[in-house]
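FYI, it's all coordinate maths here, none of it is from the lab. Since we're looking at a predicted model, the values are computed, not measured. All Cβ positions, glycine included, derive from the backbone under ideal geometry; neighbour counts span all protein chains shown.
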Amino acid sequence: MVAIFKRRIGRLGCLVGLILVGVILSAVVFLVLGLLGVGKHRASAILRIARAEKPIAFQMDTAASTDRDRFEIYKATQQQLVVSHFVLLAALRNPNVAKLPVIRREQERGDPVHWLQRHLCVHFPGKAELMEVSIALGDPQEAVTLVNAVVNAYLQEVVNAELDQCRQRLAELDRAVGEMERDIRMKREALKKLAAELGTSDTGTPSPKQKLLLEDLESARQESFHMKSELRHMKAELAAQKALQSSDVFNKLREEVKAEKLATVQAEVKRLEAAIAMTTTEQQGLEREVQQMRKEAEKFGVTTVDMAMVQTDIKNAETVLAALRTERDKAKVEHRRAPRIQLLVPAQASGH
């Protein structure tokens, strides 16, 4: 009787052991399948990232070996921009995304952006000019909605922003050309008026002695003009750097990058302030020199000097205008080129 009881206890122990082993194996299999994404639905969108911009005109040789390295850097940059904090925040602001159950759960846990960064997959299949953005979730429609929202946010915040900059540059070139054309018309009218007062044509030339002095004066004036332009450029850059320090741009950067970027901007602000101070001193000294030479030149006759200076101003302005028109024409043509980044296939769900 005792032996029979012992055999039953032994069988029961074996049965319990087998059940425990089965439970453990099931848990392991479930975990592995979860990690491999088995039972989840993957939604993927495909974008084309062109190797280089395709200009309509002004084609340049892009066969240099360094272009391959630049393209790899460009692809890596776009890859990081897709999962950047400000792009994912823009995607999460989409009303269709905000109401997704998976996003609501992560919102309650505190950091849906970090969750998206961990679960989104961005890669270039076969190292081609194609970028795939995908995510695997239990609900296929949630996966599709999330991927499409991220891709649309990337196109809006990054790709379209670059196109807006191109449009703004073209508008600035148009404005600069118009202002220069008006300035030249005003100078020509002033030249005709001076010629009428002097009783000569508006192509009259100064005497050799006048010419030497006027050449020195014009050289000093041009140097002063370039210094003023440089000062305006540096002051504009300084204002931009200072504005950057107090803008929302830094809030979009990751914490590990923010301090480094801020230090770089602060260093650039100091450099610009020092350069502006030095250039201002030099420009003021040169301006005094110009005024002194102008007084010497005016001894030959104020009208004659003014006439020669207006002629030189018109010539210089026409040179600048020609360069601006060339740059504007290039910008107009290149503005119509095909975009370098295009969405080929929006997200579509498929079970795995």
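Computed FRET efficiency, Cβ-Cβ of Arg51 and Glu181, R0 35 Å: what is it to the nearest 0.05?
0.35
According to a simple spin-label model (label point 7 Å from Cα along Cα-to-Cβ), what is the distance in nm between Ile73 and Val320?
Each label point is offset 7 Å from its Cα along the Cβ direction, giving 3.3 nm.
With θ set to phi - 60°, apply the Karplus curve 6.51 cos²θ - 1.76 cosθ + 1.60 along segment 119-135 and write out the HN-Hα couplings as whole Hz, x wherever there is a Gly or Pro.
Result, ordered by residue: 9, 6, 10, 10, 8, 10, x, x, 6, 8, 7, 10, 10, 9, 10, 8, 8 Hz.
Taking θ = phi - 60°, what integer Hz values does the Karplus form 6.51 cos²θ - 1.76 cosθ + 1.60 yield along segment 147-159, in sequence order, with x for Gly and Pro?
5, 4, 5, 5, 4, 5, 5, 4, 5, 6, 7, 10, 5
Given Lys40/Lys127; Lys187/Lys228; Lys242/Lys270; Lys235/Lys270; Lys187/Lys332, which pairs have Cα atoms separated by over 22 Å?
Lys40/Lys127; Lys187/Lys332
Kindly write out, for segment 306-313 in residue order, the coupling ³J(HN,Hα) from the Karplus curve 6.51 cos²θ - 1.76 cosθ + 1.60 (θ = phi - 60°), rounded to whole Hz, with x marking Gly and Pro.
4, 5, 5, 5, 5, 4, 5, 4
Amide H of Ala347: which non-local residues (sequence gap of 5 or more, or other chain) have their own amide H closer than 5 Å, using H built in the peptide plane?
HN-HN under 5 Å from Ala347: Asn148.
Grab the beta carbon distance between Ala277 and Leu344, set R0 = 35 Å, and tell me the FRET efficiency rounded to 0.05.
Once rounded, the FRET efficiency stands at 0.10.
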